[in-house]
Each structure stands twice: as C-alpha cells, then as structure tokens.
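A single structure is presented below for examination.
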Amino acid sequence: MQIGRRDLFKLGGLAAALSFLPKGFLEVLAAEQEERDPSVVQVEWEDLPWKIDEKKFERFNQKYTMFSRTGWDPKVQEVAKQTPANMIRNIKEGKISTLLDYAFHSAGWWVVAKTTPHEMDYGDGGLVSWTSEGTSPLFNFSTGPWKANPELEEERKKFKSAMEKNPELMTNIVKKVAKHFGACLVGIAPYDPKWVYSHRVLNPRYHPGVDYKEEPLELPEGTRYVIVMAFEEDYFAMAMSDGGLSMGEQGWGYSQMAITSGAVAEFLRSLGYIGIPSGNDTAITIPYAISAGLGEYSRMGVLITPKYGPRVRLAKVFTDAPLVPDKPIRFGVYEFCSKCKKCAEACPSNAIPYGDPTWDPPTISNIKGVWKWHVDVEKCFEYWCKSGNVGCGVCIRSCPFNKIDWPAHSMFRDYLAPIIGGGTGRALDDFLGYGERVYSHQWWGFRYKDLVK
C-alpha cells in the first residue's frame, strides 16, 4: 500500500473538520438521531438480520447465478463472448489497463485457475474439496491409512468429547487457525440450510473440456456451524477500479479464499470433524457473514465491514465442530446507505438501485422472497464484458466506508457517520475527494505508453 501527499491531506482535512465540532455536539446529535431522521426503516436485528417472505422464498438454484448462466443461457453467452476482444482493445489503448495490468490479473487468479476453479461453481474440487482423498498420508491425517488407525481414532474421540464441553475453546482454536492461514476477519454463524444452493452446476467456462452439469445439492447431515472469513483487498489497488491492478487484486482475493478455507477445512477433518470449504460455490455467503457478525448488507449488494468497509472477499467452511456463534452487528450501514446513494451514482452500468429495499428482484439471477436492495446483476455482468476489465469494483471504490483503518477514518465511521447520516457524510466524502479513480502507473512507477509505443 502506498500513501501519498493527497491521502495525508485528506486525513488532515477530516481531522480538521472534526476538530471544529463544538464540545458535546456528537452527544447531542446522537440523542436526537431517531427524531431527526424518522424516515429510516428500522430493521429488527435480534433474531434474524433480514426479512424473509416465506411464501415467496425458495432456496436459490446456482444455475441462475450470472457466472453459471454463461454455461447454458444463449443471451448471457453472447454477452460473455465480447470479453476477449475488449481485453485486447484495452491493452492496445493502454489507458485504463495495460499489458502489465493484465499480467498482474493472470498472476492474481493463478491459484484459482490452476487448482480450484470449483470455487466459482460446483465446489468439492481442488483446494475446496470436501474430503482429503487423493492426498499423501505423509502430509494429511484425514486420508489413507490414517482413516483406519485405531489409536488416532481413539485420540480424536477424546478430543471431541472434551471440545463438546468447551465450545468457547474450540471457537478460539478455529479462529486462531483461520487467521494464521490468512483470514483478516473470522466469525461463526449457525448453519442455516436456506442459504445453500438447491442445485449446483459444473460450468465448462471454468472447466475447459467438460460438459455442463447440474445436480441437487445437500450438505452432510450433522452440519452445525459456518466459519466465515473475510480477506482484505488492497486499498490502493481497488482505487484503480475498474481496471488496472484491481483485476488482479480481486483474483488474489479469490486465491486467498481457496487457500485459507481449504486449510481450515483440512484442519477440522484431521480432528475428525466435517470440513467443507467454500468460496462462491455451495451456498450464498453474505447471509452467513451477516449472521457471523462480520458486517452489514449494503445498497450495492455486498457486505460492509467495520474495519475494511466493502473491500473484502468472503469464504466459509461448514462444520459439525462445537462452536459458539457470533451475533449480527449494526453500525449504521443501513441508515447511511438509505441516504448516501454514492455507489448508485458511480455505477457505470446503472445496476445499483436508488430507491428503498424491495421484495421484487429485477432478474432471474436475484434471490426471491428477501427484502433488500437488489442489484441488477445482468447489467453489472454486461458491463464487465463490454469493459474488458473482467470485473468492476467502482461501487467499492466510491463507497464512503471504503477507507484505510486509520484513527481519523475510524472516528468518522464509528462516531460521526451514524449521526450525520448518509447525505451529509457523503457530501463530506466528496469534498475530501474520496472515491476518485487512480491509475496503475502510480503503482508501477512509470507510464506504460511512454515506454511501449
């Protein structure tokens, strides 16, 4: 991460703005908040951090995600075909993304592309395999002859018996292991089968040479909890969205998801528990992340965390280990998003709604029966393909919660933003120049087109 004079100026400006607030100002505004902003819908957070219409709700079929539709939907396939030509256009123009940036993109996605494309659709393959079969017993205690070793099995039984009496300790163990292997945030959610895909698919777009396949999906009986992990994406790289280093940074997030979730799952399997690692596959992640206390849902359809804002990637591990679930949190995101709308204005595809949350999804790729802000993911995906940048991230770049975790930013997030609200908070964010695009030559240290002509 690089920090320039402009960043320091922004921090100084924010600190100066906060210093001019009279003593007691924040406390007075906090006491008056509910009366000052009665239009905000208060969502009950005690039992479930969302509203569900049981008459409309049904488990989502992975077949209808935009990624999976590239394997069977002619309309989406036609849109996706544009991507390679638009990548070449970008490389030749060298304005937003250069050959160097696309090489960085390839490097970031390498782990996923080479070992674990399964985390994009089918699951249960590569680093996100549900079992340890096919690995050497020299390295893995949950495969080969170890499975029938009576002494090892006896020790596992004793360990599991002890952990059933000490779920707090087991929770601490799991969180410590997850953070050691790369997770930035870790939370525990109760297992709720409603967020597991009803069907999973194998898409030849991610698995060249295979046929498209769809089959029903159920997790093993006895699954009790979901270990949810968040991985920070680099602030400066994501400031290049869409394009530049942000493409590779997003890919590296997916690579970290596969590495860490796979390692945590193998740790659990070696102890005799269920350990099912998952990225985008198997189940919808955000509801579990909310239940695990990692953050709140946002207007732009992604999780916003207190520490990193929306600048995270999410993975999860399903298990039967005895754990203590975390509680959902509120820190003003819903109320802020209700007024801010900066992401909707910045969205190049006009995919993010301006209005209130709704029950009505705009496309077949949105889940039914959940009251929330529904992003038009068809518009979003179409822009990805037309831009040739293999993703976007402009909404993440523009979000006022997307800040480096510095004291002045923390003060704004924790104390000022929930009080002044999204309208004033967004105006202050704009005044300080946050959310503007930066370009990759600032990271590489030279302008590509000045050398390559």
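Bear in mind these aren't lab numbers, they're just calculated from the coordinates by the rules spelled out. Every value quoted in this text rests on a predicted model; they were computed, and no experiment measured them. Cβ placement follows ideal geometry from the backbone for every residue including glycine, while neighbour counts extend to all protein chains displayed.
Taking neighbour Cβ counts within 10 Å as the exposure measure, how do Leu294, Leu428 sort from fewest upward?
Listing Leu294, Leu428 from fewest to most nearby Cβ atoms yields Leu428, Leu294.
Please work through the chain and write down the cysteines that have no neighbouring cysteine Cβ at a distance under 4.7 Å.
Cys184, Cys337, Cys340, Cys347, Cys380, Cys385, Cys392, Cys399
Let me ask something else about it. Please compute P(r) over all alpha-carbon pairs of segment 299-453, binned at 5 Å starting from zero, and give each bin as a whole-number percent.
Percent of Cα pairs in each bin: 1, 8, 14, 18, 18, 15, 12, 8, 4, 2, 1, 0, 0.
Taking 0.36 nm per intervening residue step and subtracting the Cα-Cα distance, what contour gain separates Ala113 from Asn86 on full extension?
Here the answer is 7.7 nm.
Going by how many other Cβ atoms sit within 10 Å of their own, how do Asp101, Asp211 line up, fewest first?
Asp211, Asp101
Continuing with the same structure: Restricting to DSSP H runs of at least four residues, report the calculated mean residue ellipticity at 222 nm for the chain, -39500 (n - 2.57) per run over all residues, nearest 500 deg cm²/dmol.
Dividing the helical sum by the residues of the chain leaves -11500 deg cm²/dmol.
Which whole-angstrom value gives the distance between the alpha carbon centres of segment 137-152 and segment 240-292?
Each part reduced to its Cα centre gives a spacing of 26 Å.
Okay, which of segment 266-286 sit inside 18 Å, backbone N to the point 7 Å along the Cα-Cβ direction of Glu133?
Within reach of a label on Glu133: 266, 269-270, 272-277.
Beta carbons within 10 angstrom, averaged per residue: use that to sort the peptides 128-139, 248-259, highest first.
248-259, 128-139
Need one number: nm distance between label points at Glu93 and Asp414, each 7 Å from Cα along Cα→Cβ, rounded to one decimal.
Distance between label points: 4.3 nm.
Express in nm, to one decimal, how much length is gained between Lys449 and Glu154 on full extension, taking 0.36 nm for each residue of separation and deducting their alpha carbon distance.
99.7 nm
Decide, for segment 161-269, between rounded, prolate and oblate: order the square roots of the alpha carbon gyration tensor eigenvalues as a ≥ b ≥ c, take rounded if a/c falls under 1.5, and otherwise choose prolate if a/b is larger than b/c, else oblate.
oblate
How much of the calculated P(r) for segment 107-219 lies past 19 Å, in percent of all Cα pairs?
Of the Cα pairs, 67 percent sit more than 19 Å apart.
Something else about it: Take the Cβ-Cβ distance between Glu164 and Gln442 as r, set R0 to 51 Å, and report the resulting FRET efficiency rounded to the nearest 0.05.
The computed FRET efficiency comes out at 0.45.
Moving on. Neighbour counts of other C-beta atoms within 10 Å: give me His207, His199 arranged from fewest to most.
So the ranking, lowest neighbour count to highest, is His199, His207.
I've got another one for you. Output the peptides 400-409, 117-126, 81-90 sorted from most to least packed, where packing is the average of other Cβ atoms within 10 Å over each peptide's residues.
117-126, 400-409, 81-90
Now for a separate question. Provide the gained length on full extension for the span Lys327 to Tyr212, in nm with one decimal, where the gain is 0.36 nm per separating residue minus the Cα-Cα distance.
Working it through step by step, the gained length comes to 37.5 nm.
Of the cross-linked pairs Lys194/Lys316; Lys56/Lys194; Lys114/Lys449; Lys403/Lys449; Lys55/Lys194; Lys81/Lys379, which ones have a Cα-Cα span greater than 23 Å in the structure shown?
Exceeds cut-off: Lys114/Lys449; Lys403/Lys449.
How many percent of Cα pairs in the chain exceed 40 Å?
21
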